[in-house]
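Novice: Take a look at this one; I'll ask things after.
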Amino acid sequence: MQLIDAPSPNFDARTAPPDMIILHYTGMQTGEAALARLRDPVAKVSSHYMVEEDGRIFALVPETRRAWHAGLSFWKGETGLNGVSIGIEIVNPGHEWGYRPFPEVQIDSVLALLADIRGRWMVPNDRILGHSDIAPGRKDDPGELFPWARLAAAGHGLWVEPPASPGAPLAKGDQGTGVFALQAGMTRLGYNCAPSGAYDDDTETIVTAFQRHWRQSRVDGIADGETRARLVQLLRLDAG
């Protein structure tokens, strides 16, 4: 694996060793534009790495420093996740500029980079996440086309394929113990979804974020049987 040095001035000191990896898409029209922005001191954004569509990997910020990629963020009670994470920007126009599948060569490089990073730092599988997981409602990346299942098959991150579950869907406006259990499960997984028993806007937003990662064929904020079955199976993996 070869790295192309492209230092960014946008970083500061870490407060703890990294134990999380956050994956993003660049969401800009070209990789060149994204790289320029990640290195622009006026923009005040950065990541540790950027992976181009042709597989090239740019090194922007040392892993021992805190890059500015996560923004307002939350996972399992932690906030300000820049301090404990390594950020990888993956070149893709994103939902605004023509979202498209990620090329095989690009994902090959992401996998090599993940393996390399995890050779230096203790990053558990349940802490390899997307930007939309830690900032639902604010961010959509890397999105429903990102091959999370392929990453998990290579040993990076969590993925489940539960049996079909035809349970009645839960949706915005619903109330009751089923909604409470759904919210409790999302909270236990890591999302900021305090159980109330009422399927409100925030719950819909979090279910949508969950689906972008783990139920990619349905990204509508409706917790159908398969969405809930995937949540249950992930919680079992996480507990293990």
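Novice: Counting only protein heavy atoms and a 1.4 Å probe, tell me what percentage of the chain's accessible area is made up of carbon and sulfur.
Specialist: Values: 5650 of 10500 Å².
Result for the chain: 54 percent of the exposed heavy-atom area is carbon or sulfur.
Novice: Let me ask something additional. Straight-line reach from K44: which lysines have Cα under 24 Å away, leaving out those fewer than 8 places along the same chain?
Specialist: K139
Novice: With an 8 Å cut-off on Cα pairs and a minimum separation of 6 or more residues, tell me the relative contact order of the chain in percent. Please list the in-between numbers first.
Specialist: On the way: 514 pairs, mean separation 46.2, N = 240.
Normalised by residue count, the contact order of the chain is 19 percent.
Novice: Out of L111, P124, T205, whose Cα points farthest toward the positive end of the dipole of the chain (charges: +1 Lys, Arg; -1 Asp, Glu; placed on Cβ)?
Specialist: P124
Novice: Do you know the relative contact order of the range 1-144, to the nearest whole percent, from alpha carbon pairs under 8 angstrom that are 6+ apart? Could you put the intermediate results ahead of the total?
Specialist: Working: 314 pairs, mean separation 48.0, N = 144.
Reported relative contact order: 33 percent.
Novice: Let me ask something else about it. Taking only protein heavy atoms into account and a 1.4 Å probe, give the accessible area per residue of the chain in Å². Write down the numbers at each step before the final one.
Specialist: Numbers: 10500 Å² over 240 residues.
Here the residues of the chain average 44 Å² of exposed surface.
Novice: Where the eigenvalues come from the Cα gyration tensor of the chain, what are the semi-axes √(5λ) of the equivalent ellipsoid, largest first, in whole Å? Don't jump to the answer; show the numbers that get you there.
Specialist: Working: eigenvalues 189, 64, 58 Å².
Ellipsoid semi-axes (Å, largest first): 31, 18, 17.
The values are calculated or read from the model by the stated rules, or taken from the named source; none is laboratory data. Since the structure is predicted, the reported quantities are computational estimates derived from the model, not experimental observations. Here Cβ is always computed from backbone atoms with ideal geometry, including for glycine, and neighbour counts include all displayed protein chains. To get the accessible areas, we keep the full protein, side chains included, count just its heavy atoms, and leave off ligands, DNA and RNA. Shrake-Rupley method; radii C 1.70, N 1.55, O 1.52, S 1.80 Å.
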